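Comments concern the structure below.
Readers should treat all values here as calculations from the given coordinates under stated rules, not as data from a laboratory. Bear in mind the structure is a predicted one, so any value in this text is a computation, not a measurement. Cβ: placed from backbone, ideal geometry, glycine included. Neighbour counts: every protein chain shown.
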Amino acid sequence: MICKKCNKPTDSTCNGQCPACWEVTSTAWQERMAIRMDASQFDPQTLVNTLLTHHWMHECRIIPDYMPPYPGKDTRPTCVVCYDYRDCDPDAHATSRQTFLRYSKGPAQGYFWDMYGDDFHRPELALAALIQAAPPPRIDVVIDTHGR
């Protein structure tokens, strides 16, 4: 095999380049793609409030160390997004007042609300998921102005 960049014979190639040329190309690409934005210029509270565009999003909680009600011996804490229906029927079962954000990889792909939540691993990833999610079911029961 011949490297398409340096035209020298090589035993293996990556994208047609020898390992040395690939390393140079990869390093240059990583430097170009590096995030150059200074995160210290942002106020975290203002940034989060700007990203959460609907009232119901502000009512959600990101729980970074959530444990289910009846954990097994191997159950570990997960990072979930939860919406509590605090103003629902007070006679309803306690677990029916909460709904958790999940992601479907099946035919109907996307975020949806369910009685079990997916592990988003970090609060930042949970926030990104919340921004993309549809409103929880029965949101108009709690926020009567939703959709108007």
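Please report, in cubic angstrom per residue, the volume enclosed by the convex hull of the alpha-carbon atoms of the chain.
Per-residue hull volume (Cα only) is 220 Å³.
How far apart, in nm, are two points set 7 Å out from the Cα along the Cα-to-Cβ line at Val24 and at Glu124?
3.3
Taking the Cα centre of the chain as origin, work out the dipole magnitude from +1 charges on Lys and Arg Cβ and -1 charges on Asp and Glu Cβ, in debye rounded to 20.
Using Cβ point charges on Lys, Arg, Asp and Glu, the chain gives about 700 debye.
Specify which residue in the list Cys3, Trp56, Gln98 is farthest towards the positive end of the charge dipole of the range 1-127, using unit charges on the beta carbon of Lys, Arg (+1) and Asp, Glu (-1), about the Cα centre.
Cys3
Using 0.36 nm times the number of residues separating Ala108 and Ile131, minus their current alpha carbon distance, what extension gain do you get?
That works out to 6.4 nm of additional length.
If each of Tyr116 and Lys4 carries a label point 7 Å out from its Cα toward its Cβ, how far apart are those two points in nm?
My value for the distance between the label points is 4.6 nm.
Sum -39500 (n - 2.57) across every DSSP H segment of at least 4 residues in the chain, then divide by the residue count to get the 222 nm mean residue ellipticity, nearest 500.
Per the formula, -8000 deg cm²/dmol.
Projecting each Cα onto the charge dipole of the chain (Lys/Arg +1, Asp/Glu -1 at the beta carbon, about the Cα centre), which of Leu127, Pro107, Thr25 comes out farthest on the positive side?
Thr25
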